[in-house]
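Accompanying notes for the structure given below.
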Amino acid sequence: MNPISNTQLLEALNWRYATKQFDAAKKISADTITALEESLILSASSFGLQPYRFLVVNDKAMREKLLPHTWGQRQVVDASHYLVFAGRTTMSEKEIDAFLKLTADTRGMSVETLKGYRGMMTGMLLADSFQPKVPHWAALQAYIALGNLLTSAAVLGVDACPIEGFVPAEYDKLLSLPEQGFASIVCCALGYRADTDKYATAKKVRAAKADLIKHI
């Protein structure tokens, strides 16, 4: 691996901002969107279980339906790509065992050797006290993936705007999420900024480093 320099990383992060206006005529290349999708797959998650799904909404008609339930934010329809992050609402042995089989197959080992790991996961995730917390837990994992996507997009020179201003219940109905065992959590528009977006040149407002970072 050839890591980028510290300067390159900070330049990318200073360049990025929550894009308010996208140039609808500019589209992300297939290779770049594939890389960004891979960045989602490679995100860290609790136990490695990836309790989420990422819906890339390409259908224009669907985006138009989502628009009024996103407070009329034009990023939904103008961005090159629009993603909806959905998290699991329940967790069962089925999901855990599927993950353990995938782990065993990927690493060339027996599922039996993961018995202890299974016991740890089931002990926590299937506990009666934890089941009501699954949606919140899944949402936390999805936000890790969102952060990974935002940084990856910045490094690749792709603009992004995370969107929490939407009506989850309406999204869930339109995207048929409840029957799949998922619920919408957060969204992200990806593309390229419009020349008219005044926020592109606005100075970042951030607290002083000393106020946010403490060395103990």
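The values are calculated or read from the model by the stated rules, or taken from the named source; none is laboratory data. In this text, all values refer to a predicted model and were calculated from it rather than measured experimentally. A quick note on method: Cβ atoms are made from the backbone with ideal geometry, for glycine too, and the neighbour counts reach across all protein chains shown.
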Which numbered condition Lys101 fails, given (1) within 17 Å of Ala44 (Cα to Cα); (2) part of a helix (DSSP H, G or I): (1)
From the options Ser184, Ser176, residue that is small (Gly, Ala, Ser) and on the phi > 0 side of the Ramachandran plot: Ser176
Within the range 112-130, considering residues that are in a helix (DSSP H, G or I) and surrounded by 14 or more Cβ atoms within 10 Å (Cβ to Cβ), the one farthest from the chain's Cα centre (by Cα): Leu114
Helices (runs of 4 or more DSSP H) completely within the range 1-91 that count 1 or more residues being charged (D, E, K, R) and under 16 Å from the mean Cα position of the chain (by Cα): 30-41
Residues that are assigned to a helix (DSSP H, G or I) and either of a type in the set (A, V, I, L, M) or within 30 Å of His69 (Cβ to Cβ) (or both), drawn from the range 184-216: Lys198, Tyr199, Ala200, Ala210, Leu212
Neighbours by Cβ (under 9 Å, 6+ apart or cross-chain): first from the range 3-18, among the hydroxyl-bearing types (Ser, Thr, Tyr) and surrounded by 10 or more Cβ atoms within 10 Å (Cβ to Cβ); second at pLDDT 95 or above and in a loop (DSSP other than H, G, I, E, B): Tyr17/Asp197; Tyr17/Ala202; Tyr17/Lys204
Top-ranked residue in the range 180-211 [being closer than 21 Å to Thr19 by Cβ and among the polar types (S, T, N, Q); ranked as surrounded by the fewest Cβ atoms within 10 Å (Cβ to Cβ)]: Thr201
Residue in the range 159-167 that is closer than 19 Å to Arg53 by Cα, free of Cβ contacts under 8 Å to residues at least 12 places away in the same chain and not hydrophobic (A, V, I, L, M, F, W, C) present: no
Residue satisfying all of: in the range 145-160; under 18 Å from Tyr82 (Cα atoms) and out of contact with any strand residue (DSSP E or B) (no Cβ under 7 Å at 6 or more places or on another chain); surrounded by the fewest Cβ atoms within 10 Å (Cβ to Cβ) among these: Gly157
Residue match in the range 159-169 (condition: in a helix (DSSP H, G or I) and on the phi < 0 side of the Ramachandran plot): yes
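Listed here are the residues, each with its yes/no results for (1) without any contact (Cβ under 8 Å) to a residue 60 or more places away in the chain; (2) closer than 18 Å to Glu164 by Cα.
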| residue | (1), (2) |
| --- | --- |
| Ala44 | no, no |
| Asp59 | yes, no |
| His69 | no, yes |
| Thr106 | yes, no |
Hits in the range 93-109 (condition: within 18 Å of Gly123 (Cα to Cα), surrounded by 15 or more Cβ atoms within 10 Å (Cβ to Cβ) and not acidic (Asp, Glu)): Ile96, Phe99, Leu100
